[in-house]
1. Kindly indicate whether any position in the stretch 148-155 is out of contact with any His (no Cβ under 9 Å at 6 or more places or on another chain) and open to solvent by 10 Å² or more (accessible area, probe 1.4 Å).
2. Since Ser161 meets every condition but one in (1) open to solvent by less than 30 Å² (accessible area, probe 1.4 Å); (2) free of Cβ contacts under 8 Å to residues at least 12 places away in the same chain, which condition does it not meet?
3. Looking at the stretch 157-193 only, could you name the residues that are under 18 Å from Glu91 (Cα atoms), hydroxyl-bearing (Ser, Thr, Tyr) and at pLDDT 90 or above?
4. I'd like to verify a number: residues in the stretch 44-53 that are under 16 Å from Ala173 (Cα atoms) and either open to solvent by 30 Å² or more (accessible area, probe 1.4 Å) or charged (D, E, K, R) (or both), how many?
5. Residue check, Met199 against (1) surrounded by 24 or more Cβ atoms within 10 Å (Cβ to Cβ); (2) not in a strand (DSSP E or B), all met but one. Which one?
6. Need the failing condition index for Thr211 against (1) out of contact with any helix residue (DSSP H, G or I) (no Cβ under 8 Å at 6 or more places or on another chain); (2) β-branched (Val, Ile, Thr); (3) surrounded by 22 or more Cβ atoms within 10 Å (Cβ to Cβ), just the number.
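The values are calculated or read from the model by the stated rules, or taken from the named source; none is laboratory data. Computed from a predicted structure; not experimentally measured. Here the Cβ is made from the backbone with ideal geometry for all residues, glycine too, and neighbour counts use every protein chain on show. When the accessible area is computed, the model is the full protein with side chains, heavy atoms only, and any ligands, DNA or RNA have been set aside. Shrake-Rupley method; radii C 1.70, N 1.55, O 1.52, S 1.80 Å.
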Amino acid sequence: MEFLIFFIFNTFTISMSANIKIIPKLCKAGDPFISDHREPTIHGVLSALVKTNKKCLSNYSLLKVKRNRGIFDLEICYDEVSLKTIYVKFEIDGISLKQFVTVIIPPVATRSINLYPENIPCFYTKDHQAALFGYIYKDEDTINDSTFLTEGYLASNADFSEDYKQLGTFFYANITPQWKFINQQVWALIESAIRFYAMDNDKKLEAYAGTHGQTLVDGQPLFLTVDGRLPVATWLWKAVVDQSTGAGIAFICSNNPSESLMASPPCGDLDICLESHWGDAMVAGWSFCCTLQQLVETVPEAAAAIVDGAGAKLLNRLTPAPPPTSPDSSTTTNDGDDDEAEADD
C-alpha cells in the first residue's frame, strides 16, 4: 500500500512538473533616479551629473555634466520618471580631437561609479531581455547572441579628446536602448562621419542627439523594465551645426534591426545625403539625412534642443562621398560605446 501511494505521488509530481513554467527572475527597476549622489574623478578632474532648476520640453529635467570650476560638457534633457533620454547637447571640437591622443575609457571600468539607478546594466543583459520578451511580449525568439538591445551612447566618448571629458559620457542619462545592429553599424557610421568632418576641416560643431517615438511589439509599447520604464525609441537622431558658418545637417536612423518592419522616417531621404556629400555615412534603408528645418518641424525633441535650427542652410562636405553602405558590406569600429552589456553575464 505504501509503495502504491509513493508511486502515485511521484507520477503526479512528474506530470505536474512537465506542465509548470519556471518564470525567470527579471531585473527590477530599483530606486528612483538620483542625479548627483556620486562624483567620479579621473586625473583629479571631477565629473558630476547635476540637476538644474530648469525644465526642458514641457516638464522634463534639464541635467548637466559638470567638470571642475563649473565647466559643463553635456546638457541633457531627461525624463526621470520613465528613465528616458530626450536629447543631449554637446560640442565636437575637430581641432582638439586631432591634437590629443584619445584614451577610450571602457564602460566596464566606470560602471561602479556613475550608474543612475545603479542596477540599470542588468536590463541590458541578454538573460533579462530574453525573459522579458518571452513572458511579457510573448516573443521568445527575438533575443539572441546577434539581436539584443545594447547601451547606446548619444554623445560618444570618442566625440571628446581628453579622457576626463570622455568620462562624462558614461552617465546613464546619456544612454538609450539601441539594437546591436543599429548601434554597431548604422549609428556608428554617422558618428564616425561627423568626427572625421570636424577633424579634416578643423571645425567646431554644435552637436545634438536624441530619441523619438516608441517601439511597439505586437501593439504593446516596448520597455526594458516590467514597470514601463527605459522605453525603446523608434528613431534616433543626431544633428550638427558648423559654428563658423551656421550651416547644419541632421541624420535620423531607425532603431529597428528588422528590414521587414522598416517604416518611413519622420523626415529626409537619401537624396539629401547625396546632395550634401554625406552618402557614405548612411546605411541604405536604415538611415537618412534631413535639413535642420525638416528635423525641427517633424521631431519635437529636436525642436526643443535646436532653437535656431529652422533657418540653417545645409552643411555640405567639399568632396563627393561614396554612395550609402549596404547592410551586408558595412564595417564599423566600436568606438568603445558598445560593451554589449556582457561583463556581468
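1. Of all residues in the stretch 148-155, those out of contact with any His (no Cβ under 9 Å at 6 or more places or on another chain) come to 148-155.
Checking the rest, the ones that are also open to solvent by 10 Å² or more (accessible area, probe 1.4 Å) come to none.
No: zero hits.
2. Of (1) open to solvent by less than 30 Å² (accessible area, probe 1.4 Å); (2) free of Cβ contacts under 8 Å to residues at least 12 places away in the same chain, only one is false for Ser161: (2).
3. Ser192
4. Taking the stretch 44-53 and keeping what is under 16 Å from Ala173 (Cα atoms), we get 47-52.
Going one step further and asking which of them are either open to solvent by 30 Å² or more (accessible area, probe 1.4 Å) or charged (D, E, K, R) (or both), we end up with 51-52.
Result for the stretch 44-53: 2.
5. Status for Met199: all satisfied but (1).
6. In the conditions (1) out of contact with any helix residue (DSSP H, G or I) (no Cβ under 8 Å at 6 or more places or on another chain); (2) β-branched (Val, Ile, Thr); (3) surrounded by 22 or more Cβ atoms within 10 Å (Cβ to Cβ), Thr211 misses (1) alone.
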